[in-house]
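Remarks on the structure that follows.
The values are calculated or read from the model by the stated rules, or taken from the named source; none is laboratory data. What you are looking at is a predicted structure, and each value in this text was computed from that prediction instead of being measured. Cβ atoms come from the backbone with ideal geometry, glycine included; neighbour counts cover every protein chain shown.
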Amino acid sequence: MSWSVLESIRKNPEILRDSLKKRYLDPSIADKAVELDKRWRELQQEVNKLRHQHNVISSKIPRAKPEEQEELKRQARELLQVLEAKEKELEEVERQRDELLRDIPNLIHESVPIGPDDSYNVPVRVYGRFKVYKEDLDSFLKQLGGLKADYVVLEKRPVGHADMLEQILGLGNTLKASEVAGSRFYYLFDDLVWLDFALLLYAIDTMTQKGYKLVLPPYMLRGEIISSVIDLATFKDAIYKIEGEDLYLIATAEHPIAAMYWKETIPAEELPIKIVGFSPAFRKEAGAANKDLKGIFRVHQFHKVEQFIFSMPEDSWKFHEELISNAEELFRGLELPYRVVNIASGDLGACAAKKYDLEVWMPAQGKFREMVSASNCTDWQAYRLQIRFVDMKNKRKGFVHTLNSTAVASTRTITAVLENFQNEDGTVEIPKVLRKYLEPFAKAPKDYIHPKKKVTA
């Protein structure tokens, strides 16, 4: 089984053209790929034919009469010259083809909604009881996309997480962090640090109980690896490069976990391989210059627990649903109200064939905000990383499918807790599911996070 994109080029290029159109990209890329691959296959045949001819002539030389040997040697030399030229041409065409192929995004699944941006994302389900400020009610109902939800209307707008963090609770300082490190950095103190740890432990505990293998991955990757896991040309401004070294800081544990089986072949009977990874995440957020400047929603560093699955191709869509289901279970446990959306074609990253986002309702902002992304990358990453499967029983081989999803991103989840669990006196209730992870520590908060001073209505 060949790579799906390459297979489409050879069997039905219209599939690739259609996928590119749905991503609002130039479909002529497909035509160029078809042309280069056709030329590559022609040259491959020519090279193989010339090699055979050269081998035949060379094998005759030792058995030939002396007067015939010189003629055979001359023919062999001429063939070798032609062969070397064709091999160089083949190598160059292969380089051009492979370079173009690496720039081609994944084939879009038929169930992906078509549209140029996130305004075309389609809500598929909601959970929880939503707190909606009265002036946001019309917008809230529109954001449901026709889905029914349980909600209560608030007469007073809740305090935004940024003000809760610094003004009410006094447990964060983004101003000082910006002075010493730049914008989008933060200091967290005391109870919010404990809350960060509790969220991570909750996600890790839940996922390992489901049989996912716990992994602490490298926090840096070589350029060859990172460019195989993501579309580096597109995202080079989103990740940090180590100056003077061929190393990049990871933006998520997904990237080093995807590379765990780099250039390896996995027996089919060992699949699926289910992993939960913990790591810091480092992101430039270069494309968000004027977004979420206050608080800790969109920051350059945070902790993240990541789900990842290596699977057989025929099983990947089942596991895609499993990953988003796992994330929903975690957020239902936190009692945070959310919607799940099917991401539109123009908003998909290059590696994803389909993606779900889990978005929590933020009552102070009056909008849903992304907490989880769950993607089926099919064989896009595996082809680039050369991760194959071999099925000896059914005598087949091919590229594995890779899938990833957030379990919990700590700082974003904290913002959701601060907005959804705040009380009028300034206290913030700690989700009940987290409390057992705080109980062993004497200094950790147990049920409420208290403000630095009492808030009066």
**Request:** Look at TYR261 and say whether it is modelled with pLDDT under 95, of a type in the set (Ser, Thr, Tyr) and assigned by TED's automatic domain parsing to the domain that holds VAL124.
**Result:** no
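Quick one: which residue in GLU46, GLU78, GLU71, GLU99 is surrounded by fewer than 17 Cβ atoms within 10 Å (Cβ to Cβ) and in contact with a Lys or Arg (Cβ under 8 Å, 6 or more places away or on another chain)?
Working: GLU78 fails: in contact with a Lys or Arg (Cβ under 8 Å, 6 or more places away or on another chain); GLU71 fails: in contact with a Lys or Arg (Cβ under 8 Å, 6 or more places away or on another chain); GLU99 fails: in contact with a Lys or Arg (Cβ under 8 Å, 6 or more places away or on another chain).
Selected residue: GLU46, the only one of GLU46, GLU78, GLU71, GLU99 that is surrounded by fewer than 17 Cβ atoms within 10 Å (Cβ to Cβ) and in contact with a Lys or Arg (Cβ under 8 Å, 6 or more places away or on another chain).
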**Message:** If I ask for residues that are in contact (Cβ under 8 Å) with a residue 40 or more places away in the chain and in contact with a Pro (Cβ under 9 Å, 6 or more places away or on another chain), which ones from the stretch 422-434 would you list?
**Reply:** GLN422, GLY426, VAL428, ILE430
**Request:** Filter the stretch 24-43 down to the residues that are assigned to a helix (DSSP H, G or I) and of a type in the set (Asp, Glu), then identify the one that is surrounded by the most Cβ atoms within 10 Å (Cβ to Cβ).
**Result:** ASP37
**Message:** Conditions first: (1) without any contact (Cβ under 8 Å) to a residue 40 or more places away in the chain; (2) loosely packed, with under 14 Cβ neighbours inside 10 Å. SER111 passes all but one, so which condition is the exception?
**Reply:** (1)
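Pick out, from the stretch 156-244, the helices (runs of 4 or more DSSP H) lying fully within it that include 1 or more residues that are assigned by TED's automatic domain parsing to the domain that holds LEU438, surrounded by fewer than 17 Cβ atoms within 10 Å (Cβ to Cβ) and among the small types (Gly, Ala, Ser).
On the way: elements: 174-181, 190-209, 223-229, 232-235.
Those helices (runs of 4 or more DSSP H) span 174-181, 223-229, 232-235.
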**Request:** Could you pull out the residue among GLN45, GLN53, GLN81 that is among the polar types (S, T, N, Q) and in contact with a helix residue (DSSP H, G or I) (Cβ under 7 Å, 6 or more places away or on another chain)?
**Result:** GLN53
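Test GLN365 against the criterion of being touching a residue at least 12 places away in the same chain (Cβ under 8 Å), over 19 Å from the mean Cα position of the chain (by Cα) and surrounded by fewer than 24 Cβ atoms within 10 Å (Cβ to Cβ), and give yes or no.
It is true that GLN365 is touching a residue at least 12 places away in the same chain (Cβ under 8 Å), over 19 Å from the mean Cα position of the chain (by Cα) and surrounded by fewer than 24 Cβ atoms within 10 Å (Cβ to Cβ).
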**Message:** Filter the stretch 405-433 down to the residues that are surrounded by fewer than 20 Cβ atoms within 10 Å (Cβ to Cβ) and part of a helix (DSSP H, G or I) and list them by number.
**Reply:** LYS432, VAL433
**Asked** Got at least one residue in the stretch 282-290 being within 22 Å of GLN386 (Cβ to Cβ), in contact (Cβ under 8 Å) with a residue 40 or more places away in the chain and within 19 Å of the chain's Cα centre (by Cα)?
**Response** no
**Message:** I'd like to check something: does the stretch 283-291 contain any residue that is part of a loop (DSSP other than H, G, I, E, B) and polar (S, T, N, Q)?
**Reply:** yes
**Request:** Determine which member of the set GLY333, GLY295 is surrounded by fewer than 21 Cβ atoms within 10 Å (Cβ to Cβ) and either among the small types (Gly, Ala, Ser) or farther than 21 Å from THR234 by Cβ (or both).
**Result:** GLY333
**Request:** Output the number of the condition that VAL305 fails; it satisfies all remaining conditions of (1) in a strand (DSSP E or B); (2) surrounded by fewer than 22 Cβ atoms within 10 Å (Cβ to Cβ).
**Result:** (2)
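Test VAL433 against the criterion of being of a type in the set (A, V, I, L, M, F, W, C), under 30 Å from GLU166 (Cβ atoms), in the same structural domain as VAL229 (by TED's automatic domain parsing) and touching a Gly at 6+ places or on another chain (Cβ under 6 Å), and give yes or no.
Numbers: of a type in the set (A, V, I, L, M, F, W, C): yes; under 30 Å from GLU166 (Cβ atoms): yes; in the same structural domain as VAL229 (by TED's automatic domain parsing): yes; touching a Gly at 6+ places or on another chain (Cβ under 6 Å): yes.
Here the answer is yes, as VAL433 does meet what is asked.
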